[in-house]
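Have a look at the structure below, then the notes.
Nothing in this text is a laboratory measurement; each read-out follows from the coordinates by a stated rule. Keep in mind that this is a model prediction, so the values were computed, not measured. When we count neighbours, we look across all protein chains shown, and the Cβ atoms used for this are built from the backbone with ideal geometry, even at glycine.
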Amino acid sequence: MSAEEVRYIAKLANLALSDDAAGQYRGDLEEILNYAEKLNELDTSEVEPMAQVIYANAEAETFREDVILPSFDAGTALQSAPQSGAGQFKVPKVIER
């Protein structure tokens, strides 16, 4: 893994890394990727899934019927909002680039 790749990943996570920290994370990330490669070498074809979203039941089977229930109108929902305007919830900006 190159230093540029580490910096790119840090940028995606909105992290500012010193050169020392980038070097440390580079080693850590390489260890993680090497371990994942080792896991991919294992033959898991005979291992039964323990918990999966996909299950062996019929494809169209559901857990319960979908039932349409009344919901709040926009005005009622916005009554508990700290700030609202133009029929929308107003929230502070959380991503800055």
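Ordering R64, R7 by the number of other Cβ atoms within 10 Å of each residue's own Cβ, fewest first, gives R64, R7. For S84, the residues whose amide H sits under 5 Å from its own are K90, ignoring neighbours fewer than 5 places away on the same chain, with H placed 1.01 Å from N. Recomputing mean projected area of the Cα convex hull in nm² from the coordinates shown identifies the correct label among (i) 6.2; (ii) 13.2; (iii) 11.9 as (ii). Footprinting exposure proxy ranking of M1, M50, fewest other C-beta atoms within 10 angstrom first, gives M50, M1.
Ordered by the number of other Cβ atoms lying within 10 Å of each residue's own Cβ, fewest first, F89, F63, F72 fall into the sequence F63, F72, F89.
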